[in-house]
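Derivation of every value follows stated rules applied to the coordinates shown; laboratory data play no part. Note that the structure is a prediction, hence the values are computed from the model and not measured. Reconstructed Cβ throughout: ideal geometry from the backbone, glycine too, with neighbour counts over all protein chains shown.
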Amino acid sequence: MVSQVQEEPGPELFAEKKRIERLGRIRQFVFGSLDGLLGTIKGKLASLNLFRGIVEIVIVGAVSAGGGYLLGSVIPHVLGFSG
């Protein structure tokens, strides 16, 4: 029979947890700011004529998706934050 020994969490574990929480708050701030900015731009574009407004909103949405991909996947990988 194999017994499992549970180790007490060390200071490294608590430090990593705090680092992850801090990065989570930074990410929420960045994405919240991006959403606010893009929402303002979309609102301004919606006041244009219908066809032009739709095309520009689709373009802004595509840019938003690209920015979200970069901020959520590429940049953390480049900076060494992803596993």
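Please order R19, R27 by the number of other Cβ within 10 Å, starting at the fewest.
R19, R27
Tell me, what are the semi-axes, in whole angstrom and largest first, of the equivalent ellipsoid of region 25-79 as set by the roots of 5 times the Cα gyration tensor eigenvalues?
Taking √(5λ) for each eigenvalue gives 26, 13, 4 Å, largest first.
Express in nm, to one decimal, how much length is gained between H77 and F14 on full extension, taking 0.36 nm for each residue of separation and deducting their alpha carbon distance.
Between H77 and F14, full extension yields an extra 20.4 nm.
Return the distance in nm (one decimal) between the two label points of a simple spin-label model at S33 and E21, each offset 7 Å from Cα along Cα→Cβ.
2.3 nm
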